[in-house]
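The values are calculated or read from the model by the stated rules, or taken from the named source; none is laboratory data. Every value quoted in this text rests on a predicted model; they were computed, and no experiment measured them. So basically every Cβ, Gly included, is an ideal-geometry build from the backbone, and we count neighbours across all protein chains shown. Side chains included, ligands, DNA and RNA excluded: accessible areas come from the protein's heavy atoms. Shrake-Rupley method; radii C 1.70, N 1.55, O 1.52, S 1.80 Å.
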Amino acid sequence: MSLQDFVAMPKFEDYKERFKDHYTLERRPDGVILAQAHTLGGSIQLSVQNHRALGLLFKAIGADPENEVMIFTGSGKDFMMEADPEGFKLEQEGLPYWAYEYAYKDGRINVSALVNDLEIPTIGIINGSGFHSEICLMCDITLMAEDATLFDPHYNIGSVPGDGIHSCFEELLGVKRAAYALLTGEAIDAKTALEYGMVNEILPRDKLIERAYKIADHIMTQPRTTRRLTTQIIRRPWKQRIVNDLDGGFGIQMFGHLAKDKAVHSREHISDSTAYVRQGKKNRFD
């Protein structure tokens with residue numbers, strides 16, 4: 001008998017409770033786990049707090065060997081279109097600290113944990129319009145609501161798009177399309193996202209989760225080892241992109257963040273910079 005026992009693995013009921021203020025978690029007996037991000041039960045409102053929670057969630061799910069497929073999505077009619085009114089108060093009160101803790105460290109963990117810490121197939125669902133869509137776009141398979149729109153607001157709010165969205169867009173769109181999307185805040189509708197190869201399927205909003213489970217059922221038809229090793233093959237481009245781009249992109253963004261002369265994450269600032277999407281315009285300047 002061994003002199004030592006295994007370190008206890010995370011238990012679903014424990015981290016389901018731990019993350020309940022940020023994610024509603026459900027898991028079927030076969031290990032297919034559904035994570036729905038929310039703010040007070042509705043669409044995600046960006047904050048220091050939920051930004052930190054994301055990478056921690058992925059690490060917890062990835063560390064639990066009972067999870068077999070992850071479906072990740074948002075809640076409400078939008079994916080993420082607003083900022084929490086007090087969600088960046090901590091950042092403004094201690095910018096040198098939070099520029100590293102929130103933006104540089106947490107942000108890098110969020111994207112890298114999705115690709116590196118989850119060794120199970122992932123299905124991202126873009127349930128509505130929003131930014132920070134890289135979290136769903138970088139899943140192995142991505143579904144999108146047919147009335148949703150993707151866009152990146154960083155440049156429009158005076159920030160540098162270097163926190164992973166640049167890696168995502170350049171990998172999926174190519175250099176020219178990514179440059180246009182990042183510099184103009186181009187609103188990319190579902191049909192265009194499908195044509196560009198950013199997503200795999202577009203569906204009515206109320207059919208998205210049902211479809212994700214159907215895809216998960218197919219994935220589950222093959223042995224556990226086959227499923228997990230297949231993720232190592234299909235994620236190689238993302239891993240290469242992260243190694244080459246992520247740290248440098250964040251470093252450039254943080255230089256711009258610390259050199260700015262005004263806050264960029266206020267609710268009013270973000271709402272003003274995303275209004276054109278709600279108005280159905282392609283760009284803010286159209």
### Task
Within segment 150-172, count every residue that is open to solvent by 10 Å² or more (accessible area, probe 1.4 Å), assigned to a helix (DSSP H, G or I) and of a type in the set (Ser, Thr, Tyr).
1
### Query
If you take the residues of segment 17-32 that are without any contact (Cβ under 8 Å) to a residue 24 or more places away in the chain and over 19 Å from the mean Cα position of the chain (by Cα), which of them is most open to solvent (accessible area, probe 1.4 Å)?
29
### Residue satisfying condition, being open to solvent by 10 Å² or more (accessible area, probe 1.4 Å), of a type in the set (D, E, K, R), in contact with a helix residue (DSSP H, G or I) (Cβ under 9 Å, 6 or more places away or on another chain) and within 24 Å of residue 109 (Cβ to Cβ), within set 147, 140
140
### Task
Among residues belonging to segment 1-16 that are at pLDDT 95 or above and aromatic (Phe, Trp, Tyr), point out the one that is surrounded by the fewest Cβ atoms within 10 Å (Cβ to Cβ).
12
### Query
Does any residue of segment 185-192 turn out to be under 18 Å from residue 123 (Cβ atoms) and either open to solvent by 60 Å² or more (accessible area, probe 1.4 Å) or in contact with a Leu (Cβ under 7 Å, 6 or more places away or on another chain) (or both)?
no
### Task
Scan segment 218-243 for residues that are closer than 12 Å to residue 120 by Cα, among the β-branched types (Val, Ile, Thr) and open to solvent by less than 60 Å² (accessible area, probe 1.4 Å) and report the count.
2
### Task
Find all pairs meeting these conditions: Cβ atoms under 7 angstrom apart; at least six residues apart or on different chains; first residue within segment 34-50 and open to solvent by 20 Å² or more (accessible area, probe 1.4 Å); second residue among the charged types (D, E, K, R).
39/84; 43/77; 43/78; 45/82; 45/84
### Task
Scan segment 63-99 residue by residue and report those that are of a type in the set (A, V, I, L, M) and either without any contact (Cβ under 8 Å) to a residue 60 or more places away in the chain or under 22 Å from residue 141 (Cβ atoms) (or both).
63, 69, 70, 71, 80, 90
### Message
Taking the condition of being free of Cβ contacts under 8 Å to residues at least 60 places away in the same chain and assigned to a helix (DSSP H, G or I), how many residues in segment 173-189 meet it?
### Response
10
